[in-house]
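Here's the structure we're looking at; comments come further down.
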Amino acid sequence: MDVNLKIKFCGVTLINPFIVSQVPPNGELETIKAQLEAGWCGVLLRTASLSADPRKPTAARIRQVAPFYRGVDYEEKRAVDLGWIEPESPMSVDEAEAATASLKEAYPDRVVIGAMVGRNREEWLKVSRRLSQAGADIIECDFSISAAEENPRGPRVVDDLKLMEKAARYVREGARNTPIIFKIPGMLAGKEQVVNILKSADAEGINLFYEPKGVPGINLTNFVPFPNVGAKSTLSTMGGAGIKPYTLGVLAEWGKVNKDLEVSVLGGAYNWRDCAEYILMGAKLIQFHGAVLQRGVRLVDELNSGVGDYLNEKMVSSLDKLVGKSLPFFTTPDKLPRTGRVVAAIDDKTCIHCGICYQVCEGLGYHAINFSSQRKPVIDKKKCLGDGLCVASCPVFNCMSLRRVSTK
Amino acid sequence: MGNMPKVIKGFKEETVTISYPEAIDEAGRCYLCHDAPCSKASPVQTDVAGFISRMRSRNFRGALRLIKETNFFPGITSRVSPYDEQCEAVCLHKRYGGPIRIGELERVLADFDRGSRRPYLPEIPESIGKSVAIVGSGPTGLSAAVELVLNGCKVIIYEAARVAGGVFTKGVPSYLISDDVIDHEVGSVLSLGVDLVTGINAGESINLTSMKQSFDALLLTIGMEKSRRLDLEYCKKADVFTGAEILESLKLKAKRLRLGEKVLIVGGGNVSMDAATALLKLGVGEVTVIYRRDREHMPVFESRFQMAHRSGMKIMYRTMLDGIICDSQNAISAVKLKKTVLKETEDGRVVAETVADSEFTKDADTVIYAIGQQLDRDLVDQFDLETNEMGRIKVDQATSQTSDPFIYAAGSCVERVDTITTALAKGQLVARNMVRCMLEKGGGR
Ligand code: SF4
Ligand code: SF4
Ligand code: SF4
């Protein structure tokens with residue numbers, strides 16, 4: 001079957017749904033070009049701001065600390081999560097304009113997403129207008145930033161619905177026909193209202209993300225939390241594979257209230273499976289972060305191949321057909337069916353008799369697994385409650401499963 | 001002539017310890033099985049899953065402590081004992097990617113401890129007022145000493161050789177294990193407060209009556225000190241050695257050995273393989289091992305066989321030594337060999353019988369017997385101890401006592417002990433038996 005990963009997002013055709021998010025301190029044109037050469041569907045420029053001094057290049061403005069990344073290890077697995085101290089390094093609008101023009105010329109089949117922030121009418125109107133005129137395919141405006149410039153930790157634009165409504169309209173006005181999406185923190189309350197406001201402002205989409213603040217760890221020798229910046233530390237933004245389940249949850253929650261805005265998602269995706277899951281949960285564009293830092297830009301080959309082969313296997317001809325396919329299965333706890341019974345099952349051929357299933361079932365208190373002196377685990381179907389703990393703990397892939405049993 | 005005396009310089013240890021990153025990965029592979037079979041297959045019942053799980057969270061000190069609770073000599077055993085035939089052989093990871101390399105992990109921890117500023121030493125409990133003399137400082141004796149001290153006994157060890165350690169210091173070639181490792185782990189026994197008297201011939205210097213006055217018990221862990229030889233006639237100047245002699249002189253580095261260019265080793269055990277490997281490493285031209293039966297009957301660790309094989313050992317199965325031929329200078333010029341056939345006995349053992357008229361000769365200038373060890377009877381006779389039909393000291397299974405209840409015995413002087421880890425287990429067992437019996441006999445003094 002001939003599959004391709006083309007997908008339409010906010011009226012723009014993407015060659016695939018994978019893009020690299022603004023990775024600090026990325027912003028150099030060379031880095032961006034390398035991403036496009038590798039095969040990502042486009043680029044997301046660094047946030048453009050009127051307050052950035054156009055006479056200084058971005059690199060000179062970056063006031064970054066070192067180190068600002070820190071991986072979180074779990075036993076032998078390195079960097080299952082990644083934390084970083086956010087740099088403060090917006091691009092000047094002049095730079096964004098120049099980058100957009102040169103990228104569009106060199107890579108006409110790729111999309112350029114112009115990212116922007118604003119804090120007043122002038123900024124929202126002007127920046128979006130200039131990005132649109134420079135030829136950006138999509139404009140992403142960040143509403144997760146503080147609404148007051150003098151106080152970067154102050155209330156965010158999204159926290160003030162009136163302000164957000166105004167801002168969305170200004171950006172719409174400024175961007176004219178260029179599609180606009182808004183970057184919104186995924187865990188926000190009042191999702192329905194937000195969706196309605198953005199819809200009434202004629203926004204095309206939202207970019208959802210879940211990047212909580214955290215501390216990656218502490219050096220047990222000298223007690224300094226990570227990352228250690230000259231014997232001081234601060235809160236990091238946490239990303240990486242560990243946040244995927246939360247991000248998937250964010251998509252599910254927004255999927256319940258959002259029917260009209262197209263969805264982009266940022267963070268947590270590490271391989272094609274994560275992408276397939278995000279798409280099934282309603283996303284059409286997946287912004288990569290930690291995975292690209294760790295695996296490099298060639299990661300896109302794996303994503304293309306993985307999602308492509310998956311489509312082939314499922315006999316689905318285009319990616320559009322999968323978008324949101326999992327949402328109907330998602331509901332609230334009170335609506336979960338309470339009838340029917342499942343029990344655990346063991347594939348005797350792959351079981352290596354480690355006894356871990358027995359250990360967890362004993363620990364849990366249902367005592368549903370017999371473990372003989374020959375070390376052969378046998379499920380007692382009468383006692384098993386089908387909670388699935390043993391299935392989660394069995395160290396051998398596809399060895400244990402849950403089976404539905406008929407109840408009369 | 002090739003057989004000029006050679007000064008033996010010993011070898012550099014060739015055992016490579018895996019790096020920390022590899023060790024962490026390997027520890028991460030372990031399933032941490034419930035009721036793990038690896039621990040049961042360990043002669044000393046080391047809590048393998050327990051130490052590996054500590055290692056995974058980088059608690060090296062805790063992992064080492066857990067190992068040391070059952071095995072005080074992990075640096076030695078992980079270099080010398082065949083883990084691949086013990087705990088690793090039953091590892092449940094075998095099917096998916098091979099067994100966990102438990103020996104390697106133990107060695108990483110042992111080396112970590114040896115290199116650390118505060119090597120592990122357990123706390124010594126309060127005295128129970130018993131004191132024990134041990135004759136022999138091999139693995140069984142040392143391990144019994146540790147167990148006794150950790151049960152509150154006072155221990156003194158008598159060793160006939162100049163240094164403590166028995167087979168550690170005399171019999172294990174230094175390409176397998178360096179003196180540093182042995183010194184550290186044997187030394188740590190002394191750090192527990194065990195007294196050691198070396199260079200003392202127990203048979204001559206120990207008076208049983210005075211012993212009974214000063215000690216609560218005497219433990220014999222004297223091993224099998226005498227090497228067996230075949231009863232063949234040969235000329236005066238012939239170079240005929242035992243495998244143990246060869247290995248010991250390689251270890252002690254002081255002796256000069258006349259080694260020929262065509263060495264024949266009789267026997268198919270670890271000593272034979274080790275001697276062959278060592279001689280080949282020293283540059284001896286040709287080393288041929290003859291064995292009466294087949295490969296699968298050889299009482300040898302696979303790893304040690306492979307080592308000899310890789311070093312270039314030649315081996316002749318179903319062959320036995322029938323005579324030694326000397327030249328006019330009274331040196332060996334050839335050996336007479338005979339072929340054997342294998343027969344199964346009624347009790348299922350396979351024995352070799354010589355084939356009539358199968359005699360042939362082979363050039364050789366040195367003959368080494370590696371056909372096993374036997375009990376040095378001096379002490380046994382002096383103490384008037386009973387022996388069993390295998391020619392070893394007879395003990396009560398339940399108490400480890402010999403025919404004289406004051407005297408206990410354990411290790412290879414009592415029964416067949418195949419590996420050093422097993423010898424350690426025997427030492428622990430006899431120590432526990434002794435503590436129990438001593439306490440039953442009467443409270444502390
Ligand atoms: S946990 Fe899995 S592999 Fe282990 S005994 Fe149970 S079913 Fe077998
Ligand atoms: S599903 Fe739950 S109750 Fe059933 S065997 Fe597994 S752990 Fe036990
Ligand atoms: S059997 Fe193997 S996998 Fe299981 S606990 Fe022991 S070493 Fe680990």
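I'd like to know if region A:367-383 contains one or more residues that are away from ligand 2 (no atom under 14 Å from the Cβ), within 14 Å of another protein chain (Cβ to nearest Cβ) and among the aliphatic types (A, V, I, L, M). Looking for residues that are away from ligand 2 (no atom under 14 Å from the Cβ), within 14 Å of another protein chain (Cβ to nearest Cβ) and among the aliphatic types (A, V, I, L, M), one finds none in region A:367-383, hence no. Out of (1) in contact with a helix residue (DSSP H, G or I) (Cβ under 8 Å, 6 or more places away or on another chain); (2) under 30 Å from B:GLY283 (Cβ atoms); (3) open to solvent by 10 Å² or more (accessible area, probe 1.4 Å), what's the single condition that is false for B:GLU14? B:GLU14 satisfies every listed condition except (1).
Which numbered condition trips up B:ILE76, out of (1) within 13 Å of another protein chain (Cβ to nearest Cβ); (2) in contact with a helix residue (DSSP H, G or I) (Cβ under 7 Å, 6 or more places away or on another chain)? Among (1) within 13 Å of another protein chain (Cβ to nearest Cβ); (2) in contact with a helix residue (DSSP H, G or I) (Cβ under 7 Å, 6 or more places away or on another chain), B:ILE76 violates only (1).
Tell me, please, whether a residue that is in a loop (DSSP other than H, G, I, E, B), open to solvent by 50 Å² or more (accessible area, probe 1.4 Å) and within 14 Å of chain B (Cβ to nearest Cβ) can be found in region A:336-347. The answer is yes, given that some residue of region A:336-347 is in a loop (DSSP other than H, G, I, E, B), open to solvent by 50 Å² or more (accessible area, probe 1.4 Å) and within 14 Å of chain B (Cβ to nearest Cβ). With respect to the conditions (1) away from chain B (no Cβ under 14 Å); (2) of a type outside the set (Ser, Thr, Tyr); (3) open to solvent by less than 40 Å² (accessible area, probe 1.4 Å), A:ILE356 lacks only one, and its number is (1). Taken together, B:TYR120, B:TYR31 contain a single residue that is within 27 Å of B:GLY141 (Cα to Cα) and either open to solvent by 10 Å² or more (accessible area, probe 1.4 Å) or in the same structural domain as B:GLY411 (by TED's automatic domain parsing) (or both), which is B:TYR120. Somewhere in region B:283-301, is a residue within 17 Å of B:PRO173 (Cα to Cα) and assigned to a helix (DSSP H, G or I)? Among the residues of region B:283-301, not one is within 17 Å of B:PRO173 (Cα to Cα) and assigned to a helix (DSSP H, G or I), which makes the answer no.
One line per residue, one yes/no per condition, for (1) of a type in the set (D, E, K, R); (2) in a loop (DSSP other than H, G, I, E, B); (3) farther than 30 Å from B:ALA364 by Cβ:
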{"site": "B:PHE11", "(1), (2), (3)": "no, yes, no"}
{"site": "B:VAL16", "(1), (2), (3)": "no, yes, yes"}
{"site": "B:ILE24", "(1), (2), (3)": "no, no, yes"}
{"site": "B:HIS34", "(1), (2), (3)": "no, yes, yes"}
{"site": "B:ILE52", "(1), (2), (3)": "no, no, yes"}
{"site": "B:THR77", "(1), (2), (3)": "no, no, yes"}
{"site": "B:ASP84", "(1), (2), (3)": "yes, no, yes"}
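Residues in region B:363-417 that are in a loop (DSSP other than H, G, I, E, B) and either surrounded by fewer than 20 Cβ atoms within 10 Å (Cβ to Cβ) or out of contact with any helix residue (DSSP H, G or I) (no Cβ under 7 Å at 6 or more places or on another chain) (or both): how many?
27
For region B:302-321, the set of residues classified as assigned to a strand (DSSP E or B) and of a type in the set (Lys, Arg) consists of B:LYS314 only. Checking region A:379-393 against the condition returns no match, with no residue being within 16 Å of ligand 3 (Cβ to nearest atom) and either in a loop (DSSP other than H, G, I, E, B) or crowded, with 18+ Cβ neighbours inside 10 Å (or both).
Of all residues in region B:366-381, those satisfying the criterion of being of a type outside the set (Ser, Thr, Tyr) and within 20 Å of B:LYS338 (Cβ to Cβ) are B:VAL367, B:ILE368, B:ALA370, B:ILE371, B:GLY372. In region B:42-49, is there at least one residue being open to solvent by less than 50 Å² (accessible area, probe 1.4 Å) and either within 14 Å of another protein chain (Cβ to nearest Cβ) or assigned to a helix (DSSP H, G or I) (or both)? Within region B:42-49, one or more residues are open to solvent by less than 50 Å² (accessible area, probe 1.4 Å) and either within 14 Å of another protein chain (Cβ to nearest Cβ) or assigned to a helix (DSSP H, G or I) (or both).
The single residue among B:ALA160, B:ALA144, B:ALA217 that is in the same structural domain as B:LEU424 (by TED's automatic domain parsing), of a type in the set (A, V, I, L, M, F, W, C) and at pLDDT below 95 turns out to be B:ALA160.
The values are calculated or read from the model by the stated rules, or taken from the named source; none is laboratory data. Quantities reported herein were computed from a predicted structural model and do not represent experimental measurements. Cβ: placed from backbone, ideal geometry, glycine included. Neighbour counts: every protein chain shown. Protein only, heavy atoms only, side chains kept; ligands, DNA and RNA dropped before computing areas. Shrake-Rupley method; radii C 1.70, N 1.55, O 1.52, S 1.80 Å.
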